[in-house]
Amino acid sequence: MTDLAAALAAYLGRQLGTGASVSALRRLPGGASRETWLFALATADGRTERLVLRRDPPGHVIETSRRHEFLLLREAAAAGVPVPRVRWCEEDPAVLGAPFFVMDYVEGETLARRLLRDAEYAPARAALPEQLAAALVRVHAIDLDALALGFLARPSAETSPAGTELARYESLFRALAPEPHPAFELALRWLAARLPAAKCRTLVHGDYRVGNVIFGPEGLRAVIDWEMVHVGDPMEDLGWLCVRAWRFGADAMAAGGLSDRARFFAAYERAGGGVVDPAAVRWWEVFGNLKWGIICIMQMQTFLAGVKSVELASLGRRTAETELELLDLTEGP
Amino acid sequence: MQDRPTARELLAAVRDFLEADVVAELEGVKRFHARVAANVLAIVEREIASEEQTLLSEWERLVRLLGVPGTAPARLDELRASVRGLTEALVGRIREGEADREPFGRTVREHVRETVREKLRVANPRYLGG
């Protein structure tokens, strides 16, 4: 057993009050800002199950809380969003070197390229626009007043959620970008001049896209990666889903490479979501491209700060992709 | 003057090794990272081939756009620093709102688009294909 497996087994044994052993521990691909590990747990009474460990890597620029993600997953399950069942959460870094939580393993695929290209997933491609829309409606219906969600910051009544998010990412950009980015400056001015008013304020997933869902050949199985949740304008999640980077080349299908915008918006409304304002979603799509570009810079800064990762390093050079998209989207009046 | 292989040729040799031998031997996260590493080397190969000429074009566009006189620095590191300084000046003018007005705004956007295309021709030429 590796050190991590041994420490995890000791922790789970303490939680369960029985002898526990951990095997087949392996890190899953993806997740540049968060580690995800799959393992098998066997207990002294002879039960075995497959579980997933989510752990913070040390020294990252993007600071989120594993406890918050744990609590959100619990509330999401209560609201009927398909999510993995969460089991244990530990914030003491002494236990596994960094805060973590453990959840059930959901069998399935997460690689968006496979979803968008493999013949096996043709039924999933057909079903997902409606399934993603329905699950998103449930995300937006999560009770903000639930006691467990008291940690969520609320945008003040005087500022629009759009203004709050724009200010947040602009200050991250100003603090972190090592080079000038005229394309981002143009986008910031375009966005600031067109802030949409939110019709309502809901929980926003913040990273709702193909790549952050587990799917099978038949379609959606679970919504994952709840680390960017906040309170805001539900239109934000619809715009983010349309960001070009998540289409993986299927650019004719703006909504996640799966459908055009109109079909996805209609499905969202049919599933009981509020009326979709295409102009607001468009603003959030532009903002989403800017946000993804800034996240690329943040990931690259984590590398510059000393975290050795060729993946984080390479993300710095993806910033230009978002710059071109921003210029294309903001061309014209 | 170094002997052959050139820096680009050496990088290509390492990239070929990663693509042909290493990726096939690995799986999971390491396989993915080996692919990323090979792609990073391809970026550096393209950058070495084009950097000086691209910087010079960018410098010439910037001095025209900003209306500042001067001759392009002869040394590559000075040229790089000069382009950076000019771009910071451009950013200052965008933030002052000058690019919100035409015709300056249009020429700014044309320059920025060309600069972004130059970055993508190095970082990800396929992105420009579609």
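Observations on the model:
- Percent accessible area from carbon and sulfur atoms, region B:7-129, protein chains only, probe 1.4 Å: 53
- In region A:202-241, taking the dipole from charged Cβ atoms about the Cα centre, the farthest positive-side position among A:W226, A:N212, A:G239 is held by A:N212.
- Magnitude of the charge dipole, region A:112-330, Cβ model with Lys/Arg +1 and Asp/Glu -1, debye to 20: 180
- Contact order normalised by residue count of chain A, Cα under 8 Å, 6+ apart, percent: 16
- Among the protein heavy atoms, those of A:E331 account for about 90 Å² of accessible surface (1.4 Å probe, every chain in place).
- Residues considered: A:L238, A:L25, A:L73. Largest GNM mean-square fluctuation over chain A, using C-alpha springs under 10 Å, is found at A:L25.
- Label-point separation, B:R46 to A:A44 (7 Å along Cα→Cβ), nm: 5.9
- Excluding ligands, DNA and RNA, the accessible surface per residue across region A:112-330 is 37 Å² with a 1.4 Å probe.
- Fraction of the pair-distance distribution of region A:288-333 above 14 Å, Cα-Cα pairs, percent: 50
- Shape of region A:264-304 from the C-alpha gyration tensor: prolate (a/c of 1.5 or more and a/b above b/c, with a ≥ b ≥ c the square roots of its eigenvalues).
- Contact residues in region A:303-322 (at least 20 Å² less accessible area with all protein chains than alone, 1.4 Å probe): A:V310, A:E311, A:S314, A:R317, A:A320, A:E321.
- Which of B:V22, B:W59, B:V108, positive extreme of dipole for region B:7-129 (C-beta unit charges): B:V108
- Crossing angle, helix B:7-17 versus chain B [Cα axis fit, 0-90 degrees, rounded to tens]: 50
- In the full protein context, region B:1-122 carries 62 Å² of accessible surface per residue, based on a 1.4 Å probe and ignoring ligands, DNA and RNA.
- The angle separating the long axis of helix A:278-304 from the principal Cα axis of greatest extent in chain A is about 50 degrees.
- Mean separation of Cα contacts under 8 Å, 6 or more apart, over the residue count of region B:7-129: relative contact order %: 21
- Counting Lys and Arg as +1 and Asp and Glu as -1 over every other residue whose Cβ lies under 13 Å from the Cβ of B:R31, the net charge comes to -1.
- Charge dipole of region A:3-104 about the Cα centre (unit charges at C-beta), most positive-ward option of A:Y11, A:G46, A:F70: A:G46
- Ordering A:286-295, B:79-88, A:204-213, A:150-159 by mean Cβ neighbour count within 10 Å, with the highest value first, yields A:286-295, A:204-213, B:79-88, A:150-159.
- Measuring nothing but alpha carbons in region A:3-104 and taking Rh as the Kirkwood radius, the Rg to Rh ratio lands at 0.96.
- Relative contact order (%) - criterion: Cα under 8 Å, at least six apart; region: region A:3-104: 22
- Cα centroid separation, region B:13-50 to region A:138-202 (Å): 37
- Area of A:C200 that stays accessible when all protein chains are in place (1.4 Å probe, Å², to 10): 60
- Residues of region A:143-182 whose accessible area (probe 1.4 Å, heavy atoms of protein chains only) drops by at least 30 Å² once all protein chains are present, relative to their chain alone: A:R174, A:P180, A:P182.
- Rounded if a/c under 1.5, otherwise prolate or oblate - region B:7-129, Cα gyration tensor axes: prolate
- Shape category assigned to the protein assembly as shown from the gyration tensor of Cα positions, a/c cut at 1.5: oblate
- Estimated at 0.36 nm per residue, the fully extended path between A:E269 and A:K308 surpasses their Cα-Cα distance by 9.6 nm.
- Rolling a 1.4 Å probe over the protein heavy atoms of chain A, with every protein chain left in place, gives an accessible area that is 54 percent carbon and sulfur.
- Heavy atoms of the protein chains alone define the surface here; on that basis region A:3-104 has 43 Å² accessible area per residue at 1.4 Å probe size.
- Taking both sides together, the accessible area buried where B meets A is about 2700 Å² for a 1.4 Å probe.
- Highest mean packing first, where packing is the average number of other Cβ atoms within 10 Å per residue, the peptides B:50-58, B:23-31, A:316-324, B:114-122 line up as A:316-324, B:114-122, B:50-58, B:23-31.
- Placing +1 on the Cβ of every Lys and Arg and -1 on the Cβ of every Asp and Glu, with nothing else charged, gives the protein assembly as shown a dipole about its Cα centre of roughly 300 debye.
- GNM top mover of A:P161, A:P182, A:P234 - chain A, alpha-carbon springs below 10 Å: A:P182
- Residues in region B:93-114 that, when all protein chains are in place, have 20 Å² or more less accessible area than the chain alone would give (probe 1.4 Å): B:I94, B:R95, B:D100, B:R109, B:V112, B:R113
- This model, with +1 at the C-beta of Lys and Arg and -1 at the C-beta of Asp and Glu, gives region A:78-200 a dipole about its Cα centre of some 460 debye.
The values are calculated or read from the model by the stated rules, or taken from the named source; none is laboratory data. Given the structure is predicted, the values throughout are model-derived calculations rather than measurements. Cβ coordinates were reconstructed from backbone atoms using ideal geometry, including for glycine residues, and neighbour counts include every protein chain displayed. With ligands, DNA and RNA removed, areas are computed over all heavy atoms of the protein, side chains included. Shrake-Rupley method; radii C 1.70, N 1.55, O 1.52, S 1.80 Å.
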